[in-house]
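See below for the structure under consideration.
The values are calculated or read from the model by the stated rules, or taken from the named source; none is laboratory data. Treat the numbers as computed from the prediction; the structure is a model and nothing was measured. Note that we place each Cβ from the backbone using ideal geometry, even for glycine, and neighbour counts take in every protein chain shown. Surface areas here come from the heavy atoms of the whole protein model, side chains and all, with no ligands, DNA or RNA. Shrake-Rupley method; radii C 1.70, N 1.55, O 1.52, S 1.80 Å.
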Protein chains: 4
Amino acid sequence: MSGSIYGKVFTISTFGESHGKAVGVVVDGVTPGIELCEADIQKELDRRKPGQSSVTTPRKESDTVQIMSGVFDGKTTGTPLLMIIYNEDQRSGDYGNIKDLFRPGHADYTYQEKYGIRDYRGSGRASGRETAGRVAAGALAKKILAAKGVKITAFTKNIGGIAAEKYCPEEIEKNIVRTADPDAAPKMIELIHKSAESRNSIGGIVECRISGVPAGVGEPVFDKLDAELAKAALSIGGVKGIEFGVGFGAAEMTGKEHNDEMDVGGFKSNNAGGIIGGISTGNEIVFRIAVKPTSSIAMAQDTVDLNGNEVRCETRGRHDPCLCPRIIPVLEAMAALALVDLMKQNAALTY
Amino acid sequence: MSGSIYGKVFTISTFGESHGKAVGVVVDGVTPGIELCEADIQKELDRRKPGQSSVTTPRKESDTVQIMSGVFDGKTTGTPLLMIIYNEDQRSGDYGNIKDLFRPGHADYTYQEKYGIRDYRGSGRASGRETAGRVAAGALAKKILAAKGVKITAFTKNIGGIAAEKYCPEEIEKNIVRTADPDAAPKMIELIHKSAESRNSIGGIVECRISGVPAGVGEPVFDKLDAELAKAALSIGGVKGIEFGVGFGAAEMTGKEHNDEMDVGGFKSNNAGGIIGGISTGNEIVFRIAVKPTSSIAMAQDTVDLNGNEVRCETRGRHDPCLCPRIIPVLEAMAALALVDLMKQNAALTY
Amino acid sequence: MSGSIYGKVFTISTFGESHGKAVGVVVDGVTPGIELCEADIQKELDRRKPGQSSVTTPRKESDTVQIMSGVFDGKTTGTPLLMIIYNEDQRSGDYGNIKDLFRPGHADYTYQEKYGIRDYRGSGRASGRETAGRVAAGALAKKILAAKGVKITAFTKNIGGIAAEKYCPEEIEKNIVRTADPDAAPKMIELIHKSAESRNSIGGIVECRISGVPAGVGEPVFDKLDAELAKAALSIGGVKGIEFGVGFGAAEMTGKEHNDEMDVGGFKSNNAGGIIGGISTGNEIVFRIAVKPTSSIAMAQDTVDLNGNEVRCETRGRHDPCLCPRIIPVLEAMAALALVDLMKQNAALTY
Amino acid sequence: MSGSIYGKVFTISTFGESHGKAVGVVVDGVTPGIELCEADIQKELDRRKPGQSSVTTPRKESDTVQIMSGVFDGKTTGTPLLMIIYNEDQRSGDYGNIKDLFRPGHADYTYQEKYGIRDYRGSGRASGRETAGRVAAGALAKKILAAKGVKITAFTKNIGGIAAEKYCPEEIEKNIVRTADPDAAPKMIELIHKSAESRNSIGGIVECRISGVPAGVGEPVFDKLDAELAKAALSIGGVKGIEFGVGFGAAEMTGKEHNDEMDVGGFKSNNAGGIIGGISTGNEIVFRIAVKPTSSIAMAQDTVDLNGNEVRCETRGRHDPCLCPRIIPVLEAMAALALVDLMKQNAALTY
C-alpha cells in the first residue's frame, strides 16, 4: 500500500532508490506565503550527505536539491513542492556480487519476500539514501516551526557504551559525531575508527530535544504526540527503540518519583519528557532512540542466496561505520514533520 | 482532529469517557463471513476489566459488551460493528474535589490546555477505561489473525526492577501479574502490594511476542511494521518507550554481533526482533514497552489549580497500583489491530 | 475496506442495519466547547424519520437519539461523540420471502456478490435507514456552520417532470414534498399518491443552496469543494447525478455566456454555482441531484434467486413512493459534513 | 491541506504549475512486478498534449515523460514511481497583463482569496496542465486494469447541442473531437472552429464507458463506486456535473421503468449504469460529465483587479476553444485511478 506517504494534513510523499536516477519528495499542505529558497533546504541536506567526514561513508554526492514547483516569487504558494536530488556517484558495479544473496541484517530478504522483486543496487529503496527526501521536507517543516518559536536539536548520546555526560548544544555541530559532550567526542570518534578498521560497525543512542512547543499539541487517543513521534522515528532505517523522558527508567520508579509535580513556576521536573496523555505540556520534549550498528560490514558473514544455498557474504560498497552522526538530521526532520502535522491538526480541531 | 480513529483499511473508531454513559468502538473494514459472537469479545474484555485481583483497582465493572451491528446469523457481514459497553460503577462523587486542580502525572493539565474544557470525572477520555474499545476491537482482530496462524502473547517482564528470567507462556494467565516466570510472580505481587500500602505505585516492563506472521508484512518507508507497532503501543496511556529485539542493547553491539546471519534453517538469531527494513522476516516478533508507575496515588503531592494557585493533591478514586497486569490485553489488542491492518494493506499492494 | 468513514479532519463513522439493533454514528474531530443537547440532533432526525406524512413509508420509528459520549456539562469536549438510535418497528417477518432473491434495482445482488453474505432484512446496511447516522452527525455540523453564518437549504425541484418554478424558502417545510414552490406542491403530492396507488414509484430532482460560505473553501486539485460535495451526495442511496450552477446546461453555452463577470459589487451572475477552480467564490453555492424512483415497488417484476432461477418478485415491506422528501435532510447533512471538513482543512492549511 | 493526493491504497500525489519548471506525479502503492516503460505512459500523454489539432491550443509541448524511480529491470518494484514532465514552451510574458486582475470564469479570484498569493502565469496550479500528472499515473492504472480485463473508453457525446447519436468506439480516435459518431464529428468540429473565430468557446458533454469490472467493486456507504467516480471526475477543472446510467432522466421515470430486471442472462437493461448500492453489478459502467465552455476567451469581458477597480479583460495566452477533446484522456485516467484504488480496497476487505 501507499507506505511512502507520511502526515495527514501536512503530507510528504517520498520516492527514489539509492542507485536510481533521483531521490526526493513531494510536500503537500504547505502553508502559503512562506519565504523559501533552495539554500534553506540545502543546508539540512548538507548535514545528511555522505562523504562529509572520516566517520561517514566515502560515497560522494553533492546532494544538490532543486525545487521544481510550489514556490513563486520566492514564496510558497500553498501548492505541492517537488524537491528532487539527482544521484551522481552510483557505482552500481559494486553490487553485482550481492544481487543473488541476502546480506545479513539487511532488508534484502524481506524486500524479496514482500515484493518478489528488488532493486539490489545499494539496497534500492531500503537504502539510507531514501532519507534525503525526508530531510528536504523536514527543512521546510523546521522553517515553519522556527517561525512559531520551535527548535529541534538532536545529538549523539552514546556510541558503543561511550556516553555523553554533558549537554552543550553549541558543541554539537563542531564535532563529527555530533555529540553535545566535547569530552566524549574524541573517544566516540576513536571507537568508530576502530570499528571501521576491524571491518565492523558500532551502534549508539541519539537524543532529541524540542523546545518551544506550546501545550496542547497531540491528538488522543491514537495520534498522540509521543505515538506519532515514535512512528516517525521508528520509520527511519536502523532505529530499534525509542523512549520519552526517563523512558525505560520508569520501570523502576514509583509514582511519587515519576510524577512531575507543579508549582506556580510550572512543572518542577520533566520525567515525562514534555508529553502527558499524548499532549505536549509546554515543557521541553525529550526522547532518545536506539540506533543499531550498520548492517553493512566488510567482515565475512554466513547467509543464503536466492536459491537457498548457504554462502559467505562480504559487503563491499561504501558504508557508514556508525549511523548516529548522519541519522541526526534525519531524526530532526521526522520530528519536525510530525510536529507541523500535529500543530496543524490542532488548528483544524479548534477552528 | 480525528485522533480516535486508528488503521487505514481495518479501522477502529473508539469513543467514551470513564464516567460517561458508555465506552466502545466501531470497527470498519471487517472481513465478511467470520463467525463472531459476544463471548469471543467478552473473554478479552474480562482480562482487561477492573476489580479482577488484588493488584488491580477495586472499581467494579462487568464490562459486558453488546454487538449492535455488522453481525448477521452469527457471522460478520463486512459492514461496521458497533461494540458498546455501558458504564456501571461510576461514583463520580469521588472526583468532585479534583475538578479544579491538575493531578501530577495526569492529563488534566494538557486536556485543559488543548480543549479548554475537560470531563474531570475519572480523567474522562484520558482514562484507561478508554482502552475497553481497543480490547473489544482487538478481540476481533485476534480472531482474524488466529485463522491465519498468528498468535500474540504479552507478559510482565519486569516490575520495579524485579525481572522475569524464564519464559513459560502457559504460566502467564495463572498469576495475577501475568508474568511468564512463575518464580518472579510472588515477588512482583509483593512489591505491588507494598507500593499500594504506602499510597504509591510502581512501574514495569511488558514484553510482547508474536508468532506466525509470514515474511512480507509492513509498508515501507513510513508504515513499517515496527513503526506502526510503536505508534500503536505508544498510543496506550502510560507507555513511555518501546524497543524491538535487543533494542537499546544494540547501542553497545557491533554489526557482526547484531546482524542475524542465515543458513538453510533460516535466521540463526533474532536480534532484530523479527523485523528488518520495516518488514516482517517470518521470525518471531519481539518487543518490549516501558510502563510508567500509575500517576494516581493517594500520597499528597504538589500541584496548582485552574487559577494557578499552589495546592496539595491527594487522589482518591480507585486505581491500579501497577499498570502492567491490565495493560497486557490492551497491548495485545493494539498489536493485533496493527497487524491485521498491515496484512490487509499487503494484500491490497500485491493484488 | 473502511468505507463507512467520511471526512479527513472532521470524521464520521456510521454503523447499523435497517433491522439490526441500532443505527448511529461516531463523530470525531469535533470542535470543543460547542453547546449541544439531544434536541439539537432530534429536530433533524424528525425531518428524516419514516411515517411523517402520506408520501413517506408508514414504518413507525420514533428515531430517538441518545448522545453517549463527547458532551460534558452541555458542551462538546473535543472527544468523540457516539450518537445512537435504537430500532423499534422492525417487522423482519416482512422480508422472509425475499431472502433468497434479488429485488430489481436493489443492492441485494451487489452485496451478495461483494460480501458473500448479506443481511436481507430491509436491505440491511443498504437501507435508507443507514442515513440516520449521517443526519445526526450533520445536525452537529450544521450547528458548527450556523455559528459561522453558513445556512444550507435543500428542496424538491422536480417530481416526475413537475417542476418547482418559484423559490420561496419559507414554504419548504410547510408542504409534505418539501418543495419551495407552493403552487407545484399539490401537483407533486398528487403524482406521488398516484404512483403509490399503482404500486409504483417516481423519481425527482432535489436542489441545494448554501449561503454564507466565505471565499477560499476547497482543497485543489482533488479535494475540491465541488468534488467533495459530489462524493458526499452520490454516496446517498438513490442519487444518480449531480450538477453545479447551470450544470449540464453548460454544454450548450459559450464561454462569454457561462463566465460570471465581475464588477465592484462582486459577481454579476452565478452560472458557476458558487465554486470556481474547486474553491468557493463567496457566492451562493447551488447544486442539484437526480433522485431515482424508489426501487421497492409492490408491482411484480422479473428477477432471479440465489440459485440463478428466474422468479417473480413483489416487494412487500413499507417504502417511500418517492425518495425526495426524505432525502432532503440527508443531503443537507452530507453537504454540512463536507463543508465543516473542508473549512477545518483550510484552517489547517493556513495555520 | 494535502488536496493534491488522491487514493487510499493506490495513491497519487501530483505537483506542478503551468509555467513552473515541471509537472508530474508520484504514484505509491503500485503492484510490484508489472512490466512498464516510458512508452506505456507516453502514449496517453500524447492524447492529452496541447497542439495536437486545430481544435486544441497551439501551445507546443512534447510532454516527454521520464520515470525516475520505482522501476527496475523494466518492472515495477512496488516502491513509488516519480514521473516528471518538464515544461518547455512557457511564454510567461503572455500573462504579464493579467497578473493584477481576475479573469472571469477562472480560478484567479478564488486562489487569491484562499492562498493570499498565486502564480498568475498560465493559471499556475489551476491550469489544465496540472492534469498531465493524472494522465501519467492513469496510464499505469490502465495497464493494471487491462491485465484484469477492464477497458475504459470516453468520447465526446455533445458539443454545444450537437449530439453523437451513434456509438462506434473504433471511430473515436479517428476524429479530432474524439466523438464516437463519425457523422456528428464534422459538425462538432465546425462549431468549435466557429467559436474560436468569434473569440469565444463552447461547452459539451463527455461520456465514459467501462467494461470488464467484476461485480463487487465499491466500498459502501461513503466510498461507493459512483461516489468515488463522481469525486474523481468533478476534481477535473471545467467539469460541472456527472450522471450515471439514465442519470437526470431518472427524475421522470417510475420505479418499474428504472429498475433493471434480471433473468438467467443477467440484467435485462442498464438504467443504473452498472452500479447499484454503490457497488459494481458486472454490467457496463456508464456515466456522462458536463464540461463547461473554456473560461479563457479573447473577447473583452468585465472584471475587477486586485485593488477592486473595474477593468476590461481580454485573455491572450493560447487556449482550447472546447475542453472536450483533451479532457477525454484525463477522464479516463481519473476513472482508472478510482477503479484500481477500489479494486485493491476490495482485495483488502476480503483478505
Are any of the residues in segment D:78-87 modelled with pLDDT under 95, over 30 Å from A:Asp108 (Cβ atoms) and assigned to a loop (DSSP other than H, G, I, E, B)? yes
Scanning segment C:312-340 for residues that are modelled with pLDDT of 95 or more and of a type in the set (Val, Ile, Thr), which turns out farthest from C:Ala147 (Cα to Cα)? C:Ile327
Filter pass, A:Ala164 being within 30 Å of B:Gly266 (Cβ to Cβ), touching a helix residue (DSSP H, G or I) at 6+ places or on another chain (Cβ under 8 Å) and hydrophobic (A, V, I, L, M, F, W, C): no
Going by the conditions given, is B:Ala215 surrounded by fewer than 24 Cβ atoms within 10 Å (Cβ to Cβ), at the interface with chain A (Cβ under 7 Å from one of its Cβ atoms) and in contact with a helix residue (DSSP H, G or I) (Cβ under 7 Å, 6 or more places away or on another chain)? yes
Which condition breaks for C:Thr64 when tested against (1) under 23 Å from the mean Cα position of the chain (by Cα); (2) surrounded by fewer than 20 Cβ atoms within 10 Å (Cβ to Cβ); (3) within 14 Å of chain D (Cβ to nearest Cβ); (4) among the β-branched types (Val, Ile, Thr)? (3)
Among (1) out of contact with any Cys (no Cβ under 7 Å at 6 or more places or on another chain); (2) open to solvent by 10 Å² or more (accessible area, probe 1.4 Å), the one test that A:Thr76 misses: (2)
Please verify whether C:Arg318 is outside any loop (DSSP other than H, G, I, E, B), of a type in the set (D, E, K, R) and open to solvent by 10 Å² or more (accessible area, probe 1.4 Å), treating the condition exactly as stated. no
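Every residue, every condition in (1) more than 7 Å from every other protein chain (Cβ to nearest Cβ); (2) within 23 Å of C:Gly133 (Cα to Cα); (3) small (Gly, Ala, Ser), yes or no:
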| site | (1), (2), (3) |
| --- | --- |
| B:Met1 | no, yes, no |
| B:Val30 | yes, yes, no |
| B:Gln42 | yes, no, no |
| B:Lys49 | yes, no, no |
| B:Asp89 | yes, no, no |
Mind checking whether some residue in segment B:329-347 is assigned to a helix (DSSP H, G or I), open to solvent by 10 Å² or more (accessible area, probe 1.4 Å), under 20 Å from A:Met1 (Cα atoms) and among the polar types (S, T, N, Q)? yes
Could you list all residues from segment B:293-312 that are open to solvent by less than 50 Å² (accessible area, probe 1.4 Å) and more than 28 Å from the chain's Cα centre (by Cα)? B:Ala300, B:Asp302, B:Thr303, B:Val304, B:Asp305, B:Gly308, B:Val311
Quick check: anything in segment D:16-28 within 14 Å of chain C (Cβ to nearest Cβ), under 30 Å from D:His193 (Cβ atoms) and of a type in the set (A, V, I, L, M)? yes
Pairing a residue in segment D:184-197 that is at pLDDT 95 or above with any residue that is surrounded by fewer than 16 Cβ atoms within 10 Å (Cβ to Cβ), where Cβ atoms lie under 8 Å and the two sit 6 or more apart in sequence or on different chains, gives D:Ala184/D:Glu165; D:Ala184/D:Lys166; D:Ile189/D:Ser54; D:His193/D:Ser54
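Restricting to segment B:192-208, name every residue that is facing another protein chain (nearest Cβ under 7 Å), closer than 26 Å to A:Gly241 by Cβ and out of contact with any Cys (no Cβ under 6 Å at 6 or more places or on another chain).
B:Ser201, B:Gly203, B:Ile205
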If you check D:Thr56 against the conditions, is it facing another protein chain (nearest Cβ under 7 Å) and either farther than 30 Å from C:Met1 by Cα or not in a loop (DSSP other than H, G, I, E, B) (or both)? no
Every residue in segment D:148-160 that is away from chain C (no Cβ under 13 Å) and hydrophobic (A, V, I, L, M, F, W, C), please. D:Val150, D:Ile152, D:Ala154, D:Phe155
Residue check, A:Leu145 against (1) more than 14 Å from chain D (Cβ to nearest Cβ); (2) touching a helix residue (DSSP H, G or I) at 6+ places or on another chain (Cβ under 7 Å); (3) open to solvent by 10 Å² or more (accessible area, probe 1.4 Å), all met but one. Which one? (3)
Go through segment B:329-343 and give me each residue that's within 13 Å of B:Ile12 (Cβ to Cβ) and facing chain D (nearest Cβ under 10 Å). B:Val340, B:Asp341
Could you check segment A:18-60 and list, in sequence order, the residues that are open to solvent by less than 10 Å² (accessible area, probe 1.4 Å) and among the charged types (D, E, K, R)? A:Asp28, A:Arg48
Some residue of segment D:236-244 being open to solvent by 10 Å² or more (accessible area, probe 1.4 Å) and within 13 Å of C:Val239 (Cβ to Cβ): yes
Can you name the condition, by its number, that C:Gly122 falls short on among (1) more than 23 Å from C:Ser201 (Cα to Cα); (2) of a type in the set (Gly, Ala, Ser); (3) at pLDDT below 95? (1)
Could you count how many residues in segment A:178-192 are part of a helix (DSSP H, G or I) and open to solvent by less than 50 Å² (accessible area, probe 1.4 Å)? 6
Per the list (1) open to solvent by less than 20 Å² (accessible area, probe 1.4 Å); (2) more than 7 Å from chain A (Cβ to nearest Cβ); (3) not small (Gly, Ala, Ser), residue check on B:Arg326 breaks on (1)
Looking at segment B:161-174, I want the residues that are within 14 Å of chain A (Cβ to nearest Cβ) and have a partner that is open to solvent by 70 Å² or more (accessible area, probe 1.4 Å) and not in a loop (DSSP other than H, G, I, E, B) with Cβ atoms under 6 Å, at least 6 apart or on another chain. Which pairs are those? B:Gly161/A:Glu252; B:Ile162/B:Lys187
Would you point out which residue out of D:Arg118, D:Arg134, D:Arg125, D:Arg129 is closer than 30 Å to A:Ile34 by Cβ, part of a loop (DSSP other than H, G, I, E, B), basic (Lys, Arg) and open to solvent by less than 40 Å² (accessible area, probe 1.4 Å)? D:Arg118
